[in-house]
1. Could you work out the local net charge near G304, counting Lys and Arg as +1, Asp and Glu as -1, over the other residues with Cβ closer than 12 Å to its Cβ?
2. Distance between Cα centroids, the range 133-175 to the range 176-209: provide it in whole Å.
3. What is the helix-to-structure angle for 58-75, meaning the angle in degrees between its Cα long axis and the longest Cα principal axis of the chain, kept from 0 to 90 and rounded to the nearest 10?
4. Taking neighbour Cβ counts within 10 Å as the exposure measure, how do K79, K143, K64 sort from fewest upward?
5. Give the residues of the range 71-93 whose amide nitrogen is closer than 16 Å to a point set 7 Å from the Cα of H224 in the direction of its Cβ.
6. Cα-Cα over 27 Å: which of K79/K284; K64/K203; K122/K173; K173/K284?
7. For a quick check: with amide H placed at 1.01 Å from N, whose amide H comes under 5 Å from R144's, ignoring anything fewer than 5 positions away on the same chain?
8. Take every Cα pair under 8 Å in the chain that's 6+ residues apart, average their separations, divide by the length, and report that relative contact order as a whole percent.
Amino acid sequence: MTEFELIARYFSRPCPDDAVLLAGGDDCAVLRVPTGEALLVSTDVLVSDRHFPANTAPFDVGYKALAVNLSDLAAMGAKPLGVTLGLALPDIQPEWLNEFARGFYSLAAAHRVCLVGGDTVKSPVLSLSVTVLGSALPTQILKRSGAVVGDLIAVTGTVGDAGFGLRAVLSPKTIPTALARHEITYLHDRLNRPTPRLAEGQKLAQFAHAALDVSDGLLQDLTHILTASGVGAEISLIDVPLSPAAQTWITAEPRAALLPLSAGDDYELLFTVRAEDWPRIDFKATVIGRISAEPGLRVRDAQGHIVPMPAQGFDHFAAQTPPR
């Protein structure tokens, strides 16, 4: 199978989106940016055994490759216009490619985003490069630098699930016996099929002060907001939202209680809002702390004592960073 046959078989589908004037087949795609809106662009590279275990199901690899990019748009309150895909393959495996494309397109269809171009190459290591393009009103683009002293700090959904899911994949013998089979499946799914919070991000863009997605760990990502905004924060450990599966794991293994603070890959939105705007939240979100004038980030336990900070999140160049 040639490169062009591969593209035609797995990655050529009609695109009914009015924003796409010209998709694949020419040297460039052509997209229409809605009048008065700004263009937002984000690129993520995923490498086998660095961002996902090599034995990850190809459906999940395709799904997640798009999900992590759509999450970047969500973090800034944007809506998607189109996406490109760069695919580096050691060899052509039709069954793998079919499942990868099925996972990629299943999420693309759910959010009405079209694959408008990309490239394929042969490589000794499986890797993917996804670039997503979106748009938003310039006055309603969420940034990391807008947090204000007194703001509530909140997060959508639950955190820590992907971190426990990764532990379950890499070290299945460490899974507590208290976890039911459906709870383990849930943690796997949260790792492999994160939900980009696009609707929530577009809602928050109307009134939130700062936001980003939890990709590298709750504490590390919150620190990005604090640094960009020139403020500090305090959060409450007992207020960090956990799923029943994560809570079951922590109950069985109390020393894992801090994992949700440092594990990444949840792709939930972490944001700050004025207290008076909190009633405008019409989706699942939890207040975990407040922005302060005092520099630094402090985590307090149920008794109000400061908790020693765990290692903060994912670093691509750290010597012992596990795959994610």
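1. Working: positive: R298, R300; negative: E234, D301.
Result for the neighbourhood of G304: 0.
2. Going from one Cα centre to the other spans 9 Å.
3. That helix lies at roughly 60 degrees to the long axis.
4. Details: K79 22, K143 16, K64 26.
Placing the least packed residue first, the sequence is K143, K79, K64.
5. Hits in the range 71-93 for H224 at 16 Å: 71-78.
6. Working: K79/K284 20 Å; K64/K203 23 Å; K122/K173 36 Å; K173/K284 33 Å.
Going by Cα-Cα distance, K122/K173; K173/K284 fall outside the 27 Å limit.
7. Under 5 Å from the amide H of R144 lie the amide H atoms of A211, each far enough along the sequence or on another chain.
8. On the way: 700 pairs, mean separation 73.6, N = 324.
With pairs under 8 Å counted, the relative contact order is 23 percent.
Any read-out appearing in this document is the output of simple, stated calculations on the displayed coordinates, not a laboratory observation. Keep in mind that this is a model prediction, so the values were computed, not measured. Note that we place each Cβ from the backbone using ideal geometry, even for glycine, and neighbour counts take in every protein chain shown.
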